[in-house]
Amino acid sequence: MKNYLTLVDKIVLTGGADVSPYLYGEEPNAKLGTTDPIRDRFELATIKAALEANKPILGVCRGLQLLNVYFGGRLYQDLSQTSSQIKHLQSPTPQEIPTHHISVEQESALGFLPENYMVNSFHHQVIKDLGQGLTAIAHGNDGLVEAIENKEKHVLAVQWHPECTWETEHFDKKIFEIFANGTI
């Protein structure tokens, strides 16, 4: 893994399959989607190696969830385990259209976003218990965590998909710009 990291300056953990609940000591819920244990192991090893090499990490959706699990947190395997009434799986709305509001901590890496910001949403797993050393820096109006950071370790992760909206939402584009320019 360390050999791979010599080829890159930063790591982006993308969306995808559900994070296996075995990683945080739970049995699968009936509403758990497809998991990919091989990907889970590879990305957890990538996170460990990146942190040891002091390389910044940006997580998107599944990336946020996996980072939370890496730091000892747990997930709700499905939104039905929460009291949320917000539609976090926005289909059939096109992915480039924001569909629900979040509140952003202004003293965070995302402080450039408006305090009340709209995001797109394609997930059914969410943070249940925040991992050690992580700070929740954005929440949905339902109280669910929408972004996390660890400033000391140069970790930032968002629950939404800014890669789908960066052309129309200049603030989402800025997430990638600040990550690429080293201000995380």
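Each value in this text was obtained by applying a stated rule to the coordinates, not by laboratory testing. Remember, predicted model here, so these are calculated numbers, not experimental data. We place every Cβ from the backbone using ideal geometry, glycine too, and count neighbours over all the protein chains shown.
Details
- Count Lys and Arg as plus one, Asp and Glu as minus one, and take only other residues whose Cβ is under 11 Å from that of Val158; the net charge is then -4.
- Simple point charges give the picture: +1 on the Cβ of Lys and Arg, -1 on the Cβ of Asp and Glu, and for the chain a dipole about the Cα centre of about 440 debye.
- In sequence order, the range 100-106 has phi-based couplings of 8, 8, 10, 9, 10, 5, 6 Hz under the Karplus curve 6.51 cos²θ - 1.76 cosθ + 1.60, θ = phi - 60°, and Gly or Pro positions carry x.
- The smallest convex shape that holds all Cα atoms of the range 36-90, its convex hull, gives 100 Å³ per residue.
- Highest-MSF residue in the chain out of Ser91, Ser20, Ser108 [GNM, Cα springs under 10 Å]: Ser91
- Taking other Cβ atoms within 10 Å as a rough exposure proxy, Glu43, Glu27, Glu163 sort from fewest to most as Glu27, Glu163, Glu43.
- When the Cα positions of Phe122, Thr168, Tyr70 are compared along the charge dipole of the range 2-180, Tyr70 comes out farthest toward the positive end, with charges on each C-beta of Lys, Arg, Asp and Glu.
- Cα-Cα over 21 Å, subset of Lys10/Lys174; Lys151/Lys174; Lys48/Lys87; Lys48/Lys173; Lys31/Lys87: Lys48/Lys87; Lys48/Lys173
- Relative contact order %, the chain, counting alpha carbon pairs below 8 Å whose residues are six or more apart: 22
- Expressed to the nearest 5 percent, the antiparallel share of DSSP beta bridges inside the range 2-180 is 70 percent.
- One equal scatterer on each Cα of the chain, no solvent, Debye formula: the resulting log10 I(q)/I(0) at q = 0.09, 0.12, 0.19 Å⁻¹ is -0.29, -0.52, -1.39.
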